[in-house]
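Please treat every number below as a calculation from the coordinates, not as lab data. Here the structure is a predicted model, which means the values were calculated and not measured. All Cβ positions, glycine included, derive from the backbone under ideal geometry; neighbour counts span all protein chains shown.
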Amino acid sequence: MRLLSPVSAVSCPLSVTAPAPPQARIIDNAAVRDQQVAKLAAVKAARDDAAVQRSLAALKEAAVGAHAPPPRNLLAAAVVCAKARATLGEISDTLAEARPPAPAPAPPGP
């Protein structure tokens, strides 16, 4: 088949080939999990646990709102926790303890 070249509008052969099929990627989930657990252990071993606990306590205090003025910025408190190398799980657990999830709304009545 002859197609027109978009540059010169002159008839010239252009090769039209089908794209290569995508390559499947094989992931060893157990190995990835082991690597992540090892990285997490290294982070926890290298951090200052007292600083992490202080930052998590400040986050919980901010979330509970047991202080004046009104509740503080939780994002700022969470960033302090992250900078102290608290894990996302520790931050999430602290927030869940401070503010349990609201009950599900009741279904509409008949």
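Roughly how big is the stretch 48-100's charge dipole about its Cα centre, with Cβ charges of +1 (Lys, Arg) and -1 (Asp, Glu), in debye to the nearest 20?
200
Sort 36-46, 97-107, 74-84, 21-31 for me by packing, meaning the mean count of neighbouring Cβ atoms within 10 Å per residue, highest on top.
Details: 36-46: 10.4, 97-107: 8.5, 74-84: 15.6, 21-31: 6.6.
The packing order, highest mean first, is 74-84, 36-46, 97-107, 21-31.
Per residue of the stretch 76-82, what does 6.51 cos²θ - 1.76 cosθ + 1.60 with θ = phi - 60° give for ³J(HN,Hα)? Whole Hz please, x for Gly and Pro, Karplus curve as stated.
4, 5, 5, 5, 4, 4, 5
Average projected area of the Cα convex hull of the stretch 48-100, in nm²?
Result: 3.3 nm².
For labels at residue 102 and residue 38 in the simple 7 Å Cα→Cβ model, what's the distance in nm?
4.5
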